[in-house]
Amino acid sequence: MIASAYVQRVAALLADVRCSYADDRKTSLDDAVRVATDILRDARSRQATVACVGNGGSATMASHLAEDLVKLRNVRAMTFGDAGLLTCLGNDCGFGHVFDVPIRIFLGGADVLVAISSSGLSENVLCAARMAMDADATVITLTGFGAENPLRGMGDVNFHVPERHYGLVESTHATLVHCLVDCWGNA
């Protein structure tokens, strides 16, 4: 793919992001961003924790979102990407459960989980979402690939990129992550 076609594809995907609520009710990107930023602003006002999780490129997106929320929006945001913690929990609990323990400790009903997975199939991210839901935390998801992926329906608000190419999904997620911070009061 040539560069201009790639950029045009990302632009088309941004225009085609599928947004929904927990009840699978569809909504517009503007409304979904407004709801998500309201959730994040409310977490800040209550001094709640916002935890962001993902693997690989999605972990980088999660980390970037957490650092921007801390730096630019004064939100108590964090990730669980410390190598020692990940390898300890991966060894003792299995990689599918590396987020379970910290989420059980850090998240409760006032808190928020942002779960990012290009495929929407990552076992550890799915377990994280289930653990957050069990704790009555609010969940925001960013996924890609097929619309039937299980993570896509687990959030209070969900952003789905209908694409199966990792790079294109991650590029679209990067823009959405920035949108959640930059459209803070404008969604």
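The values are calculated or read from the model by the stated rules, or taken from the named source; none is laboratory data. Note that this is a predicted model, so its numbers are computed, not measured. Note: ideal-geometry Cβ built from the backbone for every residue, glycine included; neighbour counts use all protein chains shown.
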Note to self: Would you confirm, using the coordinates I've provided, whether Glu148 is in a loop (DSSP other than H, G, I, E, B), free of Cβ contacts under 8 Å to residues at least 24 places away in the same chain and under 22 Å from Tyr21 (Cα atoms)?
What the structure shows: yes
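Is it true that Gly109 is among the small types (Gly, Ala, Ser), modelled with pLDDT under 95 and in a helix (DSSP H, G or I)? Show your work before the answer.
Working: among the small types (Gly, Ala, Ser): yes; modelled with pLDDT under 95: yes; in a helix (DSSP H, G or I): no.
No.
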Notebook entry, point to check: Looking at (1) at pLDDT 95 or above; (2) out of contact with any strand residue (DSSP E or B) (no Cβ under 7 Å at 6 or more places or on another chain); (3) over 24 Å from His165 (Cβ atoms), can you tell me which one Asp23 breaks?
Noted result: (1)
Note to self: Against the definition (touching a Lys or Arg at 6+ places or on another chain (Cβ under 9 Å), small (Gly, Ala, Ser) and surrounded by fewer than 21 Cβ atoms within 10 Å (Cβ to Cβ)), how does Ala110 come out, yes or no?
What the structure shows: yes
Check: Pick from segment 113-122 the residues that are among the hydroxyl-bearing types (Ser, Thr, Tyr) and touching a helix residue (DSSP H, G or I) at 6+ places or on another chain (Cβ under 6 Å): which of them is surrounded by the most Cβ atoms within 10 Å (Cβ to Cβ)?
Finding: Ser117
Margin query: Quick check on Val181: is it under 20 Å from Leu65 (Cβ atoms), of a type in the set (A, V, I, L, M), part of a helix (DSSP H, G or I) and at pLDDT 95 or above?
Written below: yes
